[in-house]
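For reference, the structure is listed below as structure tokens.
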Amino acid sequence: IIIEVQKSDRSPWAWIPTLYFVEGLPYFIVNTISVVMFKDMGMDNGRLALITSLIGLPWVIKPLWSPFVDILRSKRWWIIAMQALMALTVGLIAVKVSAFTLTLTFFVIAAFASATHDISADGFYMLALSPRKQSAFVGIRNTFYRIAMVFGQGVLVVLAGLLERKSGSVETAWSITMVITSAILAAITVYHSFMLPKQEED
């Protein structure tokens, strides 16, 4: 009974939608938008294939460092720290969008941060909710993950296209798009620093 009361202090509606939106958004930024952006800037298909395999690696090997996420600090801390790191790296991509090596480095850092965020967010979901609520909110978290997919693969790509048409510059279009994305990630980070419940058993 005590555990149930602790886990019901804050409504899951206050944080589950945003948590799973921000879990999905960086994944699609790294794996989809990076490819579209580099292609728009004239990169050949051979290099794009290499980039795709490199950037996607963190999600493949994330079980290797998932135990350290459990041991070092709380999952709440990891969530907020990784969201802040993703906001920072996407902002740096906006500044250095024309510098291929730096941009690729920032995408890889964002990929590792996103994969680590996945580990901590899913673990936090299990800790913060009772089994009954976990079952009840499975559909909600999946829905907002898919909303992030539509936003990342659709809205941001369309926005970049419109900005390119208006400005006449591919670099400017993607830089503005990344600034907006970074601002969204930063805003959600601040929101979660206040709204994510604190779990004693975390």
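The values are calculated or read from the model by the stated rules, or taken from the named source; none is laboratory data. Because the structure is a prediction, the values reported are computed rather than measured. Don't worry about glycine lacking a Cβ; one is built from the backbone with ideal geometry, like all the others, and counts go over all protein chains shown. When the accessible area is computed, the model is the full protein with side chains, heavy atoms only, and any ligands, DNA or RNA have been set aside. Shrake-Rupley method; radii C 1.70, N 1.55, O 1.52, S 1.80 Å.
Please go through the range 168-185 and give me each residue that is in a helix (DSSP H, G or I) and open to solvent by less than 40 Å² (accessible area, probe 1.4 Å), ordered by number. Answer for the range 168-185, where residues must be in a helix (DSSP H, G or I) and open to solvent by less than 40 Å² (accessible area, probe 1.4 Å): Val170, Ala173, Trp174, Ser175, Thr177, Met178, Thr181, Ser182, Leu185.
Yes or no, residue by residue, for (1) surrounded by 14 or more Cβ atoms within 10 Å (Cβ to Cβ); (2) hydrophobic (A, V, I, L, M, F, W, C); (3) modelled with pLDDT of 95 or more:
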position: His117; (1), (2), (3): yes, no, yes
position: Gly123; (1), (2), (3): yes, no, no
position: Ala128; (1), (2), (3): yes, yes, no
position: Ala148; (1), (2), (3): yes, yes, yes
position: Lys166; (1), (2), (3): no, no, no
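I'd like the residue in the range 186-201 that is in contact (Cβ under 8 Å) with a residue 12 or more places away in the chain and open to solvent by 30 Å² or more (accessible area, probe 1.4 Å) and, out of all such residues, is farthest from Arg76 (Cα to Cα).
Out of the qualifying residues, it is Ala186.
The set of residues in the range 44-70 that are at pLDDT below 85, surrounded by fewer than 17 Cβ atoms within 10 Å (Cβ to Cβ) and either touching a Phe, Trp or Tyr at 6+ places or on another chain (Cβ under 8 Å) or among the β-branched types (Val, Ile, Thr) (or both) comprises Arg47, Leu48, Thr52. The set of residues in the range 71-104 that are hydroxyl-bearing (Ser, Thr, Tyr), part of a helix (DSSP H, G or I) and either within 16 Å of Glu23 (Cα to Cα) or open to solvent by 60 Å² or more (accessible area, probe 1.4 Å) (or both) comprises Thr89, Thr101. Screening the candidates Val170, Val157, Val179 for the property of being more than 14 Å from the chain's Cα centre (by Cα), on the phi < 0 side of the Ramachandran plot and at pLDDT 95 or above yields one hit, Val179.
Examine the range 128-136 for a residue that is of a type outside the set (S, T, N, Q), within 19 Å of Ile188 (Cβ to Cβ), without any contact (Cβ under 8 Å) to a residue 12 or more places away in the chain and assigned to a helix (DSSP H, G or I), and state whether such a residue exists. No, the range 128-136 contains no residue that is of a type outside the set (S, T, N, Q), within 19 Å of Ile188 (Cβ to Cβ), without any contact (Cβ under 8 Å) to a residue 12 or more places away in the chain and assigned to a helix (DSSP H, G or I).
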